[in-house]
1. Those residues that are closer than 13 Å to residue B:276 by Cβ and of a type in the set (A, V, I, L, M), I need them from the stretch B:126-147; list them, please.
2. Pull up the stretch A:139-150, narrow it to residues that are in contact with a Ser or Thr (Cβ under 8 Å, 6 or more places away or on another chain) and assigned to a loop (DSSP other than H, G, I, E, B), then point me to the one that is modelled with the lowest pLDDT.
3. Taking the stretch A:1-25, which residues are more than 26 Å from residue A:59 (Cα to Cα), of a type in the set (S, T, N, Q) and not in a helix (DSSP H, G or I)?
4. Wholly within the stretch B:221-333, which helices (runs of 4 or more DSSP H) include no fewer than the required count, namely at least 1 residues that are among the aromatic types (Phe, Trp, Tyr)?
5. Exactly one of (1) touching a residue at least 40 places away in the same chain (Cβ under 8 Å); (2) within 30 Å of residue B:154 (Cα to Cα); (3) surrounded by 18 or more Cβ atoms within 10 Å (Cβ to Cβ); (4) more than 14 Å from chain C (Cβ to nearest Cβ) is unmet by residue B:282. Its number?
6. Mind checking which residues of the stretch B:250-274 are in contact with a strand residue (DSSP E or B) (Cβ under 7 Å, 6 or more places away or on another chain) and either hydroxyl-bearing (Ser, Thr, Tyr) or more than 10 Å from chain C (Cβ to nearest Cβ) (or both)?
7. Can you work out which of the residues in the stretch B:226-248 that are touching a residue at least 24 places away in the same chain (Cβ under 8 Å) and of a type in the set (Gly, Ala, Ser) is farthest from residue B:135 (Cα to Cα)?
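The values are calculated or read from the model by the stated rules, or taken from the named source; none is laboratory data. For clarity, every value in this text was computed on a predicted model and none was experimentally measured. We place every Cβ from the backbone using ideal geometry, glycine too, and count neighbours over all the protein chains shown.
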Amino acid sequence: MSLRFRNSTALLALAAALWGCNREERQTRGKPLGETATAAMPDTVYPGTGNAPAPDPRAAQYEGNASAIAQGQMLYNQMNCVGCHFHGGGGMGVALMDGKWRYGGRIDQIVASIDQGRPNGMPAWRHRLTEQQMWQLAAYVRTLSGQERKDAVSARADEVSNTPPQTQTKREPLMPADSDEQ
Amino acid sequence: MRREGLLALLCLSGCSGAQTAFGGQGAEDANFIQLFTVFMIVCTVMYLLVSAALIVAVWRRRRTAMVVEDCNHQATSGVVRPALIGWTALIAIGLTALTLVGFFTDRSNARNGSHPQLKLTVTANQWWWDVEYDWADVSKSVRTANEIHLPVGIPVEVTLKSNDVIHSFWIPNLAGKQDLIPGRRTDAQLLPRKTGLYRGQCAEFCGTQHAQMALDVTVESKADFEKWYGAQLQTAPVPKTPLQLAGYRYITTRECASCHNISGTSAGGQVAPDLTHFASRRSIAAGTLPMNTGNIYGWVADPQSQKPGNHMPTIGLKADDLHGIVAYLETLK
Amino acid sequence: MESLQHGPRQRRADRSRIPPPYPQDQGTDLGVKSWGPEQWKIGGGTVWGWLSYDPVLKLVYYGTSNPGPWNAEQRPGDNKWTAGVFARDVSTGQARWYYHSTPHDLFDHDDINETILVDWPGPNGQRIPAMLRPSRNGYFYVQDRRNGRILSADAYSFINAYKGVDLKTGRLIPAPEKEPKEGRVVRNICPGPPGAKDWNPSAFSPVTGLIYIPHLNICMDMGAKNANYIPGTPFVGADVKMYAGPGGNRGVFTAWDPVARRKVFEIKEDLPLWSPALATAGGLVFYGTMDGWFKAIDARSGKLLWQFKTGSGIIGQPISYRAPTGDSTSPCRRASAAGPERSSRPISTNAIRPPRSASSTQ
């Protein structure tokens, strides 16, 4: 193979690699609420195992998306979630970093909890936050249990730091008995 | 004459009059221009002399191709020694002049900033400016966003904070840049000398919309400033028409109130620009769009299309809600 | 007789000027002027603590809570009438006097703690109607309850957030290096947000002349940040990490001599003390710990005489009453835990007997 051919092939390969190197898909606009705002929030709490409804297609778009998680981290502080749930440990509100989810711990179930509110003090954020913001919050809440990929979680906490950043903490294995997730 | 000529040349770079470091409308900027001019003159003279010496040396070398070097360089020519002494003296004088001018400029800036009569606190966020006027009587302090009004001739101290990343506060017509660093306080001193409308700009890359993080600066007479300040102290007017009322209801009970504050209403959010006197500003979204009805419609309907990535979400408003919101916002003068 | 703890005077049921003893409390409409515009409307300052009543002066005394948000940078000014003590005429509701214990509160140092009304020995032998207040900010205030004038204010707990109370101006002197600033974390601030003593009331014994204060030894790191105001959600603006103060114990039971202005004895407890105290004429003092130990100590020496492990941590008020059997001992009863009373049986009267040397006043 001539040197020239080898070089141009290498260059083409490099260009292709760089072109495909999108870290992730980032949507700034999100899907705006239409006239029928309630359509997105089915009740996904169900008895027993199995029979789980199919996950919302938006779950794949927001789950593990670094920009959604970063936005969610900002909203978590701004919308005062931190005042009841603290930084995952809970206080007046329930802990969000454990595996116990009374109303479901899947991302779309968390969105439903934020949207509809829950008994004992969780406000309903419908009409106070857009759907996109609720999905971003839910994506962030999902990272509080330390199960998310290290390249997606935020490397910097915005608060008083007691623990190493999530990018440097070891992921704890999920104990099946501890988790209510389906 | 020489100074004007130099300035004219430099101004060809295309900066508009409202945002140029060669405007000289502020004390610090005027000092900067003086310093810059002196440096330019001294350095130009030195540059021309050096170039001349180089040309002469090259020319003379051309003419005498075979020159036998005398090992005793010192005694070669009766011109070299005085020339070298003169050259060294010239450099020494030049550097001394530059140092002195620098010293006097710093001293002048320090003097101008030593007794501020007006204090502001500017907090930078991605990608907007939160501006507060700190008054001795705290109940008369004013909070606005993306704009600064200053009375001419009054020294101002601006305390600078940041809520997220490093930004930089820069009003080129008035003064130089000063960073706003999260977790620290920095400060800038301003002393505007001429009235006018100027444009500030964030000068430290701070994310996607760094380019659209401008500041509308108005320097006006003391009387005009007091009039503006008095208007800013008023709470939002009561909506009058049914459309304004509908907009008021939407803003105070829906998504807007989660982030924005309108004094005198139940919308008390603190994490987005204060809207109490939104319609009195010159631009929307930190200089992104000029303030007019059409732009308000466009911004409120889809902020992500105007400033993609900024933290105001596109809600997907119904047409009637949008009409009401814009009608109410326009009353917030 | 509803009154807000700040806002224009009309809403505070004031028709006459409060004759304030200190310059910081003089002026009109201070409840509006000492806040940024409109901030008094969302400024907190509730009344959730104890009231005391003087039937002679016909005044009711109570303290107000901290201003909101915790992030003090968002509410410049003194923030009246939060974190201070009111004395109001019980029939008209008009304020007779007000003392601002913690102006421009930085650390959630409410002032809702109990006020104990005592007759105070004045310098010329006269009796001054006074009040004793072990306050959240760590100072033990002795005040003339007719006009609020401070007779003494001494630290009964470890404090580094303040330098003292200026008795001339009545003003608390903050330590500037401990002032929280947005975006920064200030470390090692003592006392922390629950205060040197939280709401749990202390007990005064006229027999020993001591006041028995069950309190805390908690310090904190505080990171202040911009708080967003959304009604129905917490309006705080602070990340707080709390830990034990110097010594490593989180609770401490102090016997304080208010006249000599010093600590007589103290008992260190591992866990914070949120149980009130009870002092009896028989020379005993009772209190409980967070891990359920109900203790009786000697009122003069602090020696532990007896303890009993109850079913849960104790934050309820111990009470003492005379049993209907006519027995000369008095059974002591306490409600334990952070919930409804777990055990309603009185402790066996055999277990507690006043020392024979104490006078029987039952």
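1. B:131, B:142, B:145
2. A:146
3. A:2
4. Numbers: elements: B:222-233, B:242-253, B:293-301, B:303-306, B:319-329.
It comes to B:222-233, B:242-253, B:293-301, B:319-329.
5. That leaves (3) as the condition not met.
6. B:255, B:258, B:273, B:274
7. Out of the qualifying residues, it is B:246.
Every residue, every condition in (1) assigned to a strand (DSSP E or B); (2) without any contact (Cβ under 8 Å) to a residue 24 or more places away in the chain, yes or no:
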position: C:27; (1), (2): no, yes
position: C:56; (1), (2): no, no
position: C:61; (1), (2): yes, no
position: C:65; (1), (2): no, no
